[in-house]
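All of the numbers you see were taken from the coordinates with simple rules; none came from a lab. Being a predicted model, the structure only gives us computed values, none of them experimental.
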C-alpha cells in the first residue's frame, strides 16, 4: 500500500485557498493542462483532465465538506505515478494571522513498480502540487 501525506503552510486566509480547491471543475492552478471536461455536478462528478503527452485522467469527486474545508477524490489509475485505486484528501486548516495549512494525503496501490518507487513518485508529485498552489496564490 502506498500512503503519502504532505503539508505546507501558506500566507493566505484559509477561505481563499479553500475557494481554489473547492471548485473541483476549475484546476487552472495546475500548469500545462490542455483541457478539463466535466461530467455531472457535485459529489460524484468526474473531471476528465487532458495534458500533453499523458494519458487522460478521470478524477471523481467523492466528498466535499465546506465546514471542514475537506475534499476527497479518487482515480482508478494514475499512470505517471504508477499507482491504481488512488484515493486522496485535501484539507485546508485555518491558522492565526490570515495563514493556513494545506494537508494533502492519499492511499493507493503500486502499479508495475514496487511500493517504494510508487511512494517516491507520489511524494515528488505532491511537492509539485504545493509549488503550483503557491505560485498560483502569488500571482
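Average the reciprocal distances over every distinct pair of alpha-carbons in the range 79-139, invert the result, and give the Kirkwood radius in Å.
For the range 79-139, inverting the mean 1/r across all distinct Cα pairs yields 13.0 Å.
Report Rg/Rh for the range 24-102, rounded to two decimals, where Rg is the Cα radius of gyration and Rh the Kirkwood radius.
Value, to two decimals: 1.01.
With the calculation restricted to Cα positions, what are the radius of gyration and Dmax of the chain in angstrom?
Reported Rg and Dmax, both Å: 14.7, 45.
Calculated from DSSP H runs of 4 or more alone, at -39500 (n - 2.57) each and per residue, what is the 222 nm mean residue ellipticity of the chain, nearest 500?
Mean residue ellipticity at 222 nm (helix-derived): -8000 deg cm²/dmol.
Between the alpha-carbon centers of the range 87-139 and the range 1-26, tell me the distance in whole angstrom.
Each part reduced to its Cα centre gives a spacing of 8 Å.
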